[in-house]
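Colleague: Got a structure here, written out as structure tokens. Questions coming.
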Amino acid sequence: MKKLFRNIILLALVTFWAIRDIQAITYYSIQDGYWNDTETWQGGVLPDLADTIIIHHFIIFNQDLNVPSTGYMQIDSSATLCGIYNLETDCGSYFYNWGTVKGDRVIITDGGNYGFIHALQQYTVSPCLITTPVGAAQIGGTFTCALPISIFEPDVSDEPELNAFPNPFFDRLYFDLISETLEENLTIILQDYTGRIILENFVGKTGYLDLSRLRSGIYILKVLHNERWYVKTVIKE
């Protein structure tokens, strides 16, 4: 009887997360801007915090942000989320910061800080399921939220950038991290939204991963070069 009850609970949890993945809508930032400006977001639609939000740019939020239990928010390594307001996540949601987050109060439940968080009054990590606070944080002091000024000059640097395509993908995920200074033997990792490592291997500058057996969902692709992680969010259809 106990075994049957445990299997029923497990089936219910698996069904819940599967339905959640299918129903979720993903919002991407497409340029530096304000949270409540439709031009900041792909498709010109303001994001719903109950869905999936991927931030690639410098975004200023001018309202409290509360990520409910169905929400997923990720700030990529080159992105910043900044505002003199509160950012809070509910149990069941996932919040991953690979870049910079600045807010009045920042309260994280499930997810992780792998970048930098600056909170003026409060920074709290209160895990409901799994939280890995391995990044840096500062409480107090001051900061300003100003959009970067674009200077239109040719990019002559040799700073690598991770590309992953097609995205979303179905079976094969191609990648490249092009730079003349890159080593041939790079570490690549694929994680799910809980931080669990799905795949880890050594690869060259370009290649592909056969992920045909991977279940549909949102994943994090990471490549290590010169002690720096290059991160890309990918979606399996």
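The values are calculated or read from the model by the stated rules, or taken from the named source; none is laboratory data. Being a predicted model, the structure only gives us computed values, none of them experimental. Because the Cβ atoms are built from the backbone with ideal geometry, glycine has one as well, and the counts that use them run over all protein chains shown.
Colleague: If you go through the stretch 82-102, how many residues are among the charged types (D, E, K, R) and not in a strand (DSSP E or B)?
Modeller: 1
Colleague: Here's another thing I want to ask about it. Only residues in the stretch 218-232 that are surrounded by fewer than 19 Cβ atoms within 10 Å (Cβ to Cβ) count as the first member; pair them with residues that are assigned to a strand (DSSP E or B), Cβ under 7 angstrom, at least 6 apart or cross-chain, and list the lot.
Modeller: Taking only residues 6 or more apart or on different chains, the pairs are L224/L186; L224/T187; H225/L177; H225/L186; W229/K222.
Colleague: Tell me, which residue of the stretch 38-67 that is among the charged types (D, E, K, R) and surrounded by 14 or more Cβ atoms within 10 Å (Cβ to Cβ) is nearest to G83 (Cα to Cα)?
Modeller: Restricting to residues being among the charged types (D, E, K, R) and surrounded by 14 or more Cβ atoms within 10 Å (Cβ to Cβ), the top hit is D48.
Colleague: Out of curiosity, is D158 in contact with a Ser or Thr (Cβ under 9 Å, 6 or more places away or on another chain), over 17 Å from V231 (Cβ atoms) and either surrounded by 12 or more Cβ atoms within 10 Å (Cβ to Cβ) or modelled with pLDDT of 70 or more (or both)?
Modeller: For D158, the condition - in contact with a Ser or Thr (Cβ under 9 Å, 6 or more places away or on another chain), over 17 Å from V231 (Cβ atoms) and either surrounded by 12 or more Cβ atoms within 10 Å (Cβ to Cβ) or modelled with pLDDT of 70 or more (or both) - is not met.
Colleague: Is it the case that N86 is in contact with an Asp or Glu (Cβ under 9 Å, 6 or more places away or on another chain), surrounded by fewer than 21 Cβ atoms within 10 Å (Cβ to Cβ) and under 19 Å from T144 (Cβ atoms)?
Modeller: yes
Colleague: Which residue pairs have Cβ atoms closer than 6 Å, lie 6 or more positions apart in sequence or on different chains, and pair a first residue in the stretch 96-116 that is touching a residue at least 60 places away in the same chain (Cβ under 8 Å) with a second residue that is aromatic (F, W, Y) and surrounded by fewer than 22 Cβ atoms within 10 Å (Cβ to Cβ)?
Modeller: From the stretch 96-116, the pairs are W98/Y114.
Colleague: Let me ask another. Looking only at the stretch 25-37, which residues are crowded, with 18+ Cβ neighbours inside 10 Å and of a type in the set (G, A, S)?
Modeller: Hit for the stretch 25-37 is S29, nothing else.
Colleague: Any residue in the stretch 64-80 that is under 14 Å from I54 (Cα atoms) sitting within a Cβ distance under 8 Å of a residue that is among the basic types (K, R) and at pLDDT below 90? List the pairs, counting only those 6 or more apart or interchain.
Modeller: Cβ pairs passing all conditions: D76/K232.
Colleague: Can you name the residue in the stretch 163-195 that is in a strand (DSSP E or B) and in contact with a His (Cβ under 8 Å, 6 or more places away or on another chain) and, of all such residues, is modelled with the highest pLDDT?
Modeller: Step by step, filter the stretch 163-195, then rank; the result is L186.
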